[in-house]
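I have placed the structure first, in the form of structure tokens, so that the comments after it can refer back to it.
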Amino acid sequence: MLVTVNLLSPAKKRDLRNSLVMAYTQTMVSLLFATAILVAGTLVSVRFLIKNNYENLQRQSASAASEESTNIMENIRQINAFLKRVESTEAAFVPWADILEEIAPLIPRGVRLENLTLDKDGNIAMSGLAETRDDALALLKNLKEAPFIKDVLSPISNIMQKQNVNFDFQMKYVNLKPAL
């Protein structure tokens, strides 16, 4: 059996116990304070890093948006230029098939066209071979009477032969309208 001998008075025991509790409390408060400082430092560092990253992302986003909008604007300019070219091409288009459909019925039997030249200003040059002079004169009459043709020019050489008449006519098409 173990006997404990306490040589300290009860007042000294209380003082010693209070000193130990105070030392323990001071140690805990110091550790808590050090932890709080460490956490605060870490939070400030993290906040700084997050703020920095956010600003970098904003700059990159603005730069990317600016570059993307520049690319989009360039694409729009190219498309607009293309549409203007298409529009000008459409405005200059002449419906040649419609003109040929109007001229074809004027050509009588016995007349063979060898060359028909049309330009965008409405000038027409027509040459070919008629079996007889009467066929060539019938073609000339049809051309002069057509409401969509004016200024028909026919050289005298067109009617000099009776058979196998080579003819050459110059005229102006008056209904020339660009296709819409």
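The values are calculated or read from the model by the stated rules, or taken from the named source; none is laboratory data. Here the structure is a predicted model, which means the values were calculated and not measured. When we count neighbours, we look across all protein chains shown, and the Cβ atoms used for this are built from the backbone with ideal geometry, even at glycine.
Does PHE93 satisfy being at pLDDT 85 or above and of a type outside the set (Gly, Ala, Ser)? For PHE93, the condition - at pLDDT 85 or above and of a type outside the set (Gly, Ala, Ser) - is not met. Number of residues in the stretch 101-120 that are closer than 13 Å to ASN175 by Cβ and not in a strand (DSSP E or B) equals 3. Screening the stretch 117-130 for residues that are at pLDDT 90 or above and surrounded by fewer than 18 Cβ atoms within 10 Å (Cβ to Cβ) and picking the one that is farthest from the chain's Cα centre (by Cα) gives LEU129. One residue alone among ALA62, ALA92 is out of contact with any helix residue (DSSP H, G or I) (no Cβ under 8 Å at 6 or more places or on another chain), within 30 Å of ASP121 (Cα to Cα) and surrounded by 10 or more Cβ atoms within 10 Å (Cβ to Cβ), and that residue is ALA92.
State yes or no: is ALA130 without any contact (Cβ under 8 Å) to a residue 40 or more places away in the chain, farther than 30 Å from SER88 by Cα and not in a strand (DSSP E or B)?
No.
Of the residues examined, GLU68 is one that is of a type in the set (Asp, Glu), at pLDDT below 85, assigned to a helix (DSSP H, G or I) and not assigned by TED's automatic domain parsing to the domain that holds ALA136.
Does any residue of the stretch 88-109 turn out to be acidic (Asp, Glu), assigned by TED's automatic domain parsing to the domain that holds ILE159, free of Cβ contacts under 8 Å to residues at least 40 places away in the same chain and touching a Leu at 6+ places or on another chain (Cβ under 8 Å)? No, the stretch 88-109 contains no residue that is acidic (Asp, Glu), assigned by TED's automatic domain parsing to the domain that holds ILE159, free of Cβ contacts under 8 Å to residues at least 40 places away in the same chain and touching a Leu at 6+ places or on another chain (Cβ under 8 Å). Residue under question is LEU8, and the condition is that it be touching a helix residue (DSSP H, G or I) at 6+ places or on another chain (Cβ under 9 Å) and surrounded by 10 or more Cβ atoms within 10 Å (Cβ to Cβ); does it hold? Judged against the criteria, LEU8 is a match.
Filtered by the rule that a residue be over 30 Å from SER88 (Cα atoms) and assigned to a loop (DSSP other than H, G, I, E, B), the stretch 133-149 gives a lone residue, ALA146.
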